[in-house]
1. Please identify the pairs in which a residue from the range 216-234 that is closer than 18 Å to Arg198 by Cβ and among the aromatic types (Phe, Trp, Tyr) has its Cβ atom under 7 Å from the Cβ atom of a residue that is open to solvent by less than 60 Å² (accessible area, probe 1.4 Å) and assigned to a helix (DSSP H, G or I), counting only partners at least 6 apart or on another chain.
2. Which condition number in (1) hydroxyl-bearing (Ser, Thr, Tyr); (2) within 15 Å of Ser219 (Cβ to Cβ); (3) crowded, with 19+ Cβ neighbours inside 10 Å is the one that Thr154 fails?
3. Scan the range 172-205 residue by residue and report those that are modelled with pLDDT under 80 and in contact with a Ser or Thr (Cβ under 6 Å, 6 or more places away or on another chain).
4. For the range 163-187, enumerate the residues that are part of a helix (DSSP H, G or I), closer than 20 Å to Met210 by Cα, of a type in the set (Phe, Trp, Tyr) and touching a residue at least 24 places away in the same chain (Cβ under 8 Å).
5. Please work out which residue is most open to solvent (accessible area, probe 1.4 Å), limiting yourself to the range 124-145 and to residues that are aromatic (Phe, Trp, Tyr) and in contact (Cβ under 8 Å) with a residue 40 or more places away in the chain.
6. Could you tell me which residue of the range 73-101 is most open to solvent (accessible area, probe 1.4 Å), considering only residues that are modelled with pLDDT under 90 and either farther than 13 Å from Phe31 by Cα or of a type in the set (Asp, Glu) (or both)?
7. Of (1) at pLDDT below 90; (2) among the charged types (D, E, K, R); (3) open to solvent by 50 Å² or more (accessible area, probe 1.4 Å), Glu108 satisfies all except one. Which?
8. Quick one: would you say Leu194 is surrounded by fewer than 18 Cβ atoms within 10 Å (Cβ to Cβ) and over 17 Å from the mean Cα position of the chain (by Cα)?
Amino acid sequence: MSQNKLTGAEELPFLSHLIELRDRLLKIVLFVTVVFLGLSVYANQIYSLMAGPLLKHMPKNSTMIAIDVASPFLTPFKLALVVAVFICIPFILYQFWAFVAPGLYKRERRMIFPLLIASTFLFFLGVAFAYFAVFPMVFGFLTAAAPEGVAVMTDISKYLDFVLTMFFAFGVCFEVPILTIVLVWSGLVSYEKLAEMRPYVIVGAFIIGMFLTPPDAISQTMLAVPMWMLFEVGLLCSRLIKKKSSSAQYPEVLEHDEDYY
């Protein structure tokens, strides 16, 4: 009988965690839905803004086309939903942070919360870099490379898929400093080892750029070079964090023990 009571007592915290996770997921879905409904009114204007970098470089009297019957209606709403998720990323990260924070030590909370803020900023920075710096050069090159007599008319749904892929690729690749810091902070890789791997990182950046960008040297280079520079930034930050943690190693151990007890 006492064993059954003990089992029920162990299951209760687990169920409470599941309920809390469900509530936070519902908050995320509700918040994204509200933002999406607000943006859906301006779905066509948002798509026109997104298509701006391509339209500026298309030949005169050339327009975008819609191959599928429903794409003129569905494609702008798909973009509005993606933009709503992008806008809600800080709220989404906060909900997950609030869910896992009670189970972390103080020093872990002091480390992870700034990393969440920095990762959000870097993701949006990567998206902005793709839109303002990469798209004008890529679309200018691709439209100019079309053979004579070929009308450049891009399907709106395929263009959206291309743009979202580029946004995701640049947003994720701009997270390189966060990955570098986490690897050093967690002890999986030492700072010295990462510094020795610099030539491989540079080659890997160009390989990633080759797979994630269109088959032209411009976009590949514009993804690989920032990745390399961001790796250097992450390496520098991880070195500073390592020095700071080494100088304050004993107080951190005391604080860790206080949290544990």
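1. Trp228/Val201; Trp228/Ile202; Trp228/Ala205; Phe231/Val176; Phe231/Thr180; Phe231/Val201
2. Status for Thr154: all satisfied but (2).
3. Tyr191
4. The answer is Phe167, Phe170.
5. Here the answer is Phe141.
6. Only one residue tops the list, namely Phe73.
7. (3)
8. Here the answer is no, as Leu194 does not meet what is asked.
The values are calculated or read from the model by the stated rules, or taken from the named source; none is laboratory data. Computed from a prediction, not measured in an experiment: that's the story for all the values here. Neighbour counts run over all protein chains shown; Cβ positions are idealised from the backbone, glycine included. Ligands, DNA and RNA are stripped out before the accessible areas are found, and what is left, the full protein with its side chains, is counted by its heavy atoms. Shrake-Rupley method; radii C 1.70, N 1.55, O 1.52, S 1.80 Å.
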